[in-house]
Every structure is written in C-alpha cells, then in structure tokens.
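The values are calculated or read from the model by the stated rules, or taken from the named source; none is laboratory data. Everything numeric in this text was worked out from a predicted model, so none of it was measured. FYI the Cβ positions are ideal-geometry reconstructions off the backbone, even for glycines, and counts take in every protein chain you see.
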C-alpha cells in the first residue's frame, strides 16, 4: 500500500484555544481523571504549580487539530481519492 502525502516542507497549521472550566470538567468526566491538581483550586494552590493546571492528555489532544488540518490540505490536493470508511460511534 502506498500513501501519497501532498504537503510541502515548512507548511504550518495553527490553532488557538483558551482552556476554560468547561473543558477541564468535560475532560475529567470523559477520562475519569479527577486529580485535584486539575479540579480542586484549593489543593492546587499547595502544589508547585500554585494553581490548577490542564490535563496533559487534554493538551496533547489539541495537537490533533494541526494534524487534521494538514491531512485535510493533503487530501484536498489528492482529490478525488477513496478513503477508508470512517469510524462511527453510537
């Protein structure tokens, strides 16, 4: 199987987002990661961070946006090409 990638060296994809209370609460609920450094301000003040911090997994997940935008550009340059069936959820 050959995969063609139509991106140029140096191309960029940018994304910005302000992480808010809702993002933290939803991520904690989705993953079950209720570590107090993420969800308990009073506790987080006693840590080296001095305040609550976002989950590392949440931050890493945001990198998917750049990857997705790059692959969309590549796909548009290759169109029309067949894609595998999408993974669907209930």
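A few points about this structure:
- Checked against (1) modelled with pLDDT of 85 or more; (2) not in a helix (DSSP H, G or I), residue 7 meets all criteria but (1).
- Filter result for residue 64 (closer than 30 Å to residue 8 by Cα and at pLDDT 80 or above): yes
- Contact map, the range 21-43: residues that are outside any helix (DSSP H, G or I) paired with residues that are surrounded by 13 or more Cβ atoms within 10 Å (Cβ to Cβ), Cβ distance under 6 Å, separation 6+ or inter-chain. Pairs shown: 33/55; 34/28.
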